[in-house]
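K.L.:
There's a structure below that I have some questions on.
Computed from the coordinates by the stated procedures, all read-outs in this text should not be read as laboratory data. Since the structure is predicted, the reported quantities are computational estimates derived from the model, not experimental observations. No Cβ is skipped: glycine too gets one built from the backbone with ideal geometry, and neighbour counts run over all protein chains shown.
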Amino acid sequence: MFRKDFSRMAPRRVSSRIHPGDLEFLAARGARPSRCDRIFSRSAVLHRTLLQLHLVLERADTEARQRLGDPLYLLLLRTIRAPARLSPFEIENLAAFLERLPTFRAALAERSIDPAAASAALEALSVAERVALVDAAVRLQTAAATAGGEAGPARGRGAGPGGS
């Protein structure tokens with residue numbers, strides 16, 4: 001699903017806050033606060049890490065789509081509510097969370113997809129494939145919301161699988 005070559009885009013000056021835990025994550029990969037060592041500057045390490053993430057997501061998304069098949073894959077992209085708000089725990093346990101949602105069960109029945117088979121297919125996905133699936137849902141719903149479509153990201157924590 002990824003088409004852009006982010007490694008060849010011209011850099012722009014952007015200032016953003018980075019959570020202390022994320023700074024530690026980058027430091028473990030060689031990031032230094034100094035601007036003199038360009039290979040290990042925070043922005044260079046962050047860029048390398050994001051390129052690696054792009055690669056993992058692209059490959060894992062392809063694998064997830066092949067494992068699930070287009071009907072179930074597309075259904076999941078549209079029915080995962082507020083995907084950007086899912087926690088790592090919710091992503092790891094995606095099948096269990098989705099099984100509890102009446103809207104998900106109804107969507108499966110509407111398309112004559114066996115719930116047990118759907119659950120088994122979701123359970124068989126690796127964590128990377130589940131992350132890629134959630135990322136694809138975020139991108140699809142964000143694009144729909146930007147274009148004024150009705151499949152945009154849901155508001156509020158209660159709209160997602162792990163919400164109350």
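K.L.:
Just want the answer: with Cβ charges of +1 for Lys and Arg and -1 for Asp and Glu, which residue in Ile113, Leu86, Leu51 is farthest toward the dipole's positive end in region 9-120?
P.N.:
Toward the positive end, the furthest listed residue is Leu51.
K.L.:
Output the peptides 91-99, 79-87 sorted from most to least packed, where packing is the average of other Cβ atoms within 10 Å over each peptide's residues.
P.N.:
79-87, 91-99
K.L.:
While we're looking at this one, here's another question. For a quick protection proxy, order the peptides 108-115, 54-61 by their average other-Cβ count within 10 Å, most packed first.
P.N.:
54-61, 108-115
K.L.:
7 Å from Cα along Cα→Cβ at both Ser15 and Ser126: what's the point-to-point distance in nm?
P.N.:
Spacing of the two 7 Å Cα→Cβ label points: 4.0 nm.
K.L.:
What residues qualify as long-range amide H neighbours of Arg32, i.e. H under 5 Å apart, gap of 5 or more or another chain, H built at 1.01 Å from N?
P.N.:
Hits under the 5 Å cutoff: Ser41, Arg42.
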